Amino acid sequence: MTASMKPGERYVLMNIVARNGLVIALLALTGCTSMSSTSMHSQADDEKGIAEFNRQYLAAINGGDAAALGRLTTEDHMMISSGAAPMVGRAAMVEAMTRGFQTTSIEEHWMPQETVISGDLAYQRGTYTVAATPKAGGATRKTSGNFLRIYRRLADGSWNMVRDVFNSQATPSPATPAN
């Protein structure tokens, strides 16, 4: 601003500069100045992507495919369940599931109740049921509980699980004879 400006002119110029600065700052904060990966995805597409991820993950669990579970989780994946220390890392999860699948057939179902997506992260809360049957024969054990999962969007737009937290609602059912 120059000394030759009248006080009213300086005020108008300051308002224009301040307003334009605010608009630029808001555009930068909302991501309108560049196309981010999250702005290319609709809520419906993201929900479908997470539902497809869940379908693949459950198919891997119910099919006893630990390698597929490994492909569907991140390297820093963490599984937290009641009564156990957190299982940290993809390799630890794959190793544990491989051992489990050698001895047990699993039938697991998820009933999502809430899915919240914010940018490249999402969480989903719901309930689950599991029926575990020993492959060597024996009674099936059933349990149900709650889960909270955190997902991260990958560069290709697909979703991957980074955290899996679950607990049992009640004591597992008494063993029932396998069919």
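Taken together, the values in this text are just the output of simple stated rules run on the coordinates, not laboratory data. Since the structure is predicted, the reported quantities are computational estimates derived from the model, not experimental observations. Positions of Cβ are backbone-derived with ideal geometry, glycine not excepted, and every protein chain shown enters the neighbour counts.
Out of the residues in the range 137-163 meeting the condition of being among the basic types (K, R) and over 11 Å from the mean Cα position of the chain (by Cα), tell me which one is nearest to Q102 (Cα to Cα). Once the filter is applied, the top-ranked residue is R141.
The number of residues in the range 110-155 being in contact with a His (Cβ under 6 Å, 6 or more places away or on another chain) and of a type in the set (A, V, I, L, M) comes to 0.
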